[in-house]
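Please treat every number below as a calculation from the coordinates, not as lab data. Predicted model only: the values in this text are computed from it and were never measured. Please note: Cβ atoms are built from the backbone with ideal geometry, for glycine as well, and neighbour counts cover all protein chains shown.
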Amino acid sequence: MVTMLPESRASFQLQLLKVGKGSLAEFVLQREEPLWIKTHWLNGRQAVCPAACLPDVDCPACVEQIPRVSGFLVVAQLVAGRMRPFLFEVSDSSWARLRMLCQMEKLEPSAGLMVCARRQSFNRPISLEPVGLSKGGVIDALAGWRKVAGAVAVVFRLPLPEPGHEVSDWAASCEPFARVTVVRGLAKLS
Ligand SMILES: [Zn+2]
């Protein structure tokens, strides 16, 4: 008899790819669109808004500040001769500019697109430029929204997306946990 083990948090864990000031990184997109999540900065920490992807949920932090919209992507980068997966965070403005550049170069922001990320300074958004389509840069196991949602869940200590979940089911399961973190963060502010 084969028993299905529950998926572990470790199996979803991905290192966050950071681009330092004045440096650049090249990587391959594994999906065509980031997972968009609203977050708050509370006490110098990024916290997921309980209303992250849910339209009819009220959030005590949204009363105090406009949430920031962050996009999360699973990307693969060539490290020591092997494609390795990372989690990468983008702003909506960086992503919109990448899409515009893709259009100009008749490329699709799809899985397999090689992207160059540059950061000129810490107070400016990362600039993303399409490089071209990569050969062999797509890792099948990284496709699907659960991979990126799972990695985000590990970073923010939220429940993992379950098999069969839609994004809205997962967001609903995260809501009470995100609310506790946001309420704690707000209490420390006052
Ligand atoms: Zn909020």
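Please report, in debye to the nearest 20, how large the charge dipole of the stretch 13-189 is about its Cα centre when each Lys and Arg carries +1 at its beta carbon and each Asp and Glu carries -1 there.
Once rounded to the nearest 20, the dipole reads 800 debye.
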* Structure fact -> Nearest-0.05 FRET efficiency for Arg157 and Glu33 at R0 = 22 Å, using Cβ-Cβ distance, is 0.35
* **Residue-averaged 222 nm ellipticity for the chain, from DSSP H runs of 4+ at -39500 (n - 2.57), nearest 500** => -9000 deg cm²/dmol
* Structure fact -> Net charge near Ser110 (other residues with Cβ under 10 Å of its Cβ; Lys, Arg +1; Asp, Glu -1) is -2
* For Lys38, which lysines qualify as cross-link partners when the Cα separation must be under 19 Å and same-chain residues fewer than eight apart are set aside? -> Lys147
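Once you mark the GluC sites (Glu not before Pro) that are in a DSSP loop and have at most 13 other Cβ atoms within 10 Å, what is the longest gap between them in the chain?
After excluding every exposed loop site, the longest remaining stretch is 33-104.
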* Asked: For the residues Phe88, Phe122, Phe72, what sequence is obtained by ranking on other C-beta atoms within 10 Å, fewest first?
  -> Phe122, Phe72, Phe88
* Within the stretch 51-136, trypsin sites (Lys or Arg not before Pro) in DSSP loop having at most 10 other beta-carbon neighbours inside 10 Å -> Lys106, Lys135
* Structure fact -> Per the Kirkwood formula over distinct C-alpha pairs, the hydrodynamic radius of the stretch 13-189 in angstrom is 17.0 Å
* To do: Rank these for me by crowding, Ile126, Ile139, Ile37, going from fewest to most other beta carbons within 10 Å.
  => Ile139, Ile126, Ile37
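Got the relative contact order for the chain handy, in percent, Cα pairs under 8 Å and 6 or more residues apart?
Value for the chain: 29 percent.
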* Considering only the other residues whose Cβ falls under 12 Å of the Cβ of Val155, what net charge follows from Lys and Arg at +1 and Asp and Glu at -1? -> +2
